[in-house]
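Reading through the structure tokens given below for one structure.
The values are calculated or read from the model by the stated rules, or taken from the named source; none is laboratory data. As the structure is a prediction and not an experimental result, all values here were calculated from the model. A quick note on method: Cβ atoms are made from the backbone with ideal geometry, for glycine too, and the neighbour counts reach across all protein chains shown. Just so you know, the surface numbers come from the protein's heavy atoms only, side chains and all, with ligands and any DNA or RNA stripped out. Shrake-Rupley method; radii C 1.70, N 1.55, O 1.52, S 1.80 Å.
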Number of protein chains: 4
Amino acid sequence: MPRFEPKNRDYRAVATATFERQPAMRTLGISIARLEPGEVDLAMAYSAQFTQQNGFVHAGVITAGLDNACGIAAFTLMPPGADILTVEFKTNLLAPARGERFVFRADVVKPGRTLTICEARAFAETDGVETLVAIMTGTLMALMPRN
Amino acid sequence: MPRFEPKNRDYRAVATATFERQPAMRTLGISIARLEPGEVDLAMAYSAQFTQQNGFVHAGVITAGLDNACGIAAFTLMPPGADILTVEFKTNLLAPARGERFVFRADVVKPGRTLTICEARAFAETDGVETLVAIMTGTLMALMPRN
Amino acid sequence: MPRFEPKNRDYRAVATATFERQPAMRTLGISIARLEPGEVDLAMAYSAQFTQQNGFVHAGVITAGLDNACGIAAFTLMPPGADILTVEFKTNLLAPARGERFVFRADVVKPGRTLTICEARAFAETDGVETLVAIMTGTLMALMPRN
Amino acid sequence: MPRFEPKNRDYRAVATATFERQPAMRTLGISIARLEPGEVDLAMAYSAQFTQQNGFVHAGVITAGLDNACGIAAFTLMPPGADILTVEFKTNLLAPARGERFVFRADVVKPGRTLTICEARAFAETDGVETLVAIMTGTLMALMPRN
């Protein structure tokens, strides 16, 4: 059973549409793999284009995935008409981002009318084995249209 | 006068070479604009490919620039033979990343044998006017080859 | 000249009164040393009661000073009637907090209607020499009374 | 079954002794409630001395508890002879720290030879009900004696 009750019946369609309007996600090859109220998995295939000097995926790219996972997870719990922005995030890089595929898994820790706090974890997958490579804590903000 | 004395006479060549070995920097269109001991400016032109749903540059891409600026700034102060990795960073997003060109400016706050702490600021430039769009604090680690 | 224009003419009295209503500040021996719009210095004498296992001031106590400096700096720019709370902060500990006296210096980086971002630095003073011992970035939120 | 294998057979005695050598913990009324390899609960009774302007426990005091929980959790996995210091932490404050008793629960996410990453949560207890009031991610460093 999901831990959270969405305020927007169309949360799935709205969150998916917002995700898909981001050219950066398409360029980075990141897509939605799982979407529940307050929970999101994004997936990304390895691409040599986005690596740093040792052939690992760049921390900024890992952060883009984690931040988007947080944003979409938070967005599923926001009311109709809300837009979302990231206030801040903090990433710890735990292991080299080396793998065939990456998963960015975010959970809402505390939803709020204005601010929502999320945690996310990035896993690298190689031969079906997952390694935790990074963690994020992020603060997201709901922007409501002014009347 | 620079605030720091580099331990590696070839700091400029070594830092530049490390930067240039990162495919992610080429893909994102980020280059070194200024390089002093413990201080780096990176520059990036706006690219619609790396935007989020409102046409602003994605926070992950801004973070990639900030993180790299921190990494290169820290790296200029490391001894010959060191490799570098990012331990963690924290980014606050202050304004929409909207502009023709972006500058990522990093300064070493505290160099160390193992850990170096940096601060960085991202500016968006439009018609020659700079706007502060994000700030980062980051921790970088020197890896010395084992004998 | 101050960088910011306060929205509350009585900012000094209001910020000071809010600071003084905090028993924790009295218990820790922290007081306001300087107060300008968006800028605050707090001061604390060394006290053996608040040290960790090596005789340095505990990181949580340093954080209490940094967080309060950020909070008061942000509060000076908030409108009349606002209350303030800390959303989050991040502290890097740069050197042992060893000294006779400590100064917590905060500056508003970006004021906002809802969120204000501050940076703060903690200095330890011994024989008149200041050492930077910690830095903080913090996000503060204005709470306006509901009508 | 514990998730981690301690390197120091005496981890319990050594971690407890280090905790008890901290005057700040005694002053704040914080004690060890549970200690396993890589996992620690600290407990603190409410004290009006350490509150902010609304009667809630000050964020710096909550952070002192979270930081110590992280430190002790990390320390249980360090080799004999190590000393420990906090590199950095990030705290999100989720709810007012209002309660009769507080628990600071830390888990090692990634132990390492030099750096250990921990997560911690602060809970306020009232009438036996726990409320999550804050979360921390922290980086701890092992200091080995030079020979």
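Structural remarks
- Residue count, region C:8-37 (criterion: touching a Lys or Arg at 6+ places or on another chain (Cβ under 9 Å) and in a loop (DSSP other than H, G, I, E, B)): 1
- Lone qualifier among C:3, C:21, C:9 - being surrounded by fewer than 16 Cβ atoms within 10 Å (Cβ to Cβ) and closer than 23 Å to residue D:93 by Cα: C:21
To keep it simple, each residue is scored yes or no on (1) closer than 22 Å to residue D:59 by Cβ; (2) not small (Gly, Ala, Ser).
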| residue | (1), (2) |
| --- | --- |
| C:116 | yes, yes |
| C:125 | no, yes |
| C:133 | yes, yes |
| C:142 | yes, no |
| C:146 | no, yes |
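- Within region A:44-97, the set of residues being among the aliphatic types (A, V, I, L, M), open to solvent by less than 10 Å² (accessible area, probe 1.4 Å) and facing chain B (nearest Cβ under 7 Å) comprises A:61, A:64, A:87.
- Selection of region A:18-34 for residues being within 9 Å of another protein chain (Cβ to nearest Cβ) and either farther than 23 Å from residue A:137 by Cα or not small (Gly, Ala, Ser) (or both) yields A:18, A:19, A:20, A:21, A:22, A:23, A:25, A:26, A:27, A:28.
- Residues (among the small types (Gly, Ala, Ser) and open to solvent by 30 Å² or more (accessible area, probe 1.4 Å)) located in region C:117-138: C:128
- Selection status of residue B:59, within 27 Å of residue C:116 (Cα to Cα) and touching a strand residue (DSSP E or B) at 6+ places or on another chain (Cβ under 7 Å): yes
- Failed criterion for residue B:37 (all others in (1) modelled with pLDDT of 95 or more; (2) open to solvent by less than 40 Å² (accessible area, probe 1.4 Å); (3) within 14 Å of chain A (Cβ to nearest Cβ) hold): (3)
- Within region B:60-75, residues that are in contact (Cβ under 8 Å) with a residue 60 or more places away in the chain and under 25 Å from residue A:70 (Cα atoms) reach partners that are among the hydrophobic types (A, V, I, L, M, F, W, C) and assigned to a helix (DSSP H, G or I) with beta carbons closer than 6 Å, at six or more positions or on different chains, in the pairs B:67/A:59.
- Region C:98-116, subset open to solvent by 10 Å² or more (accessible area, probe 1.4 Å) and within 17 Å of the chain's Cα centre (by Cα), residue farthest from the other protein chains (Cβ to nearest Cβ): C:101
- Qualifying residue in region A:127-145 (condition: more than 7 Å from every other protein chain (Cβ to nearest Cβ), without any contact (Cβ under 8 Å) to a residue 40 or more places away in the chain and acidic (Asp, Glu)): yes
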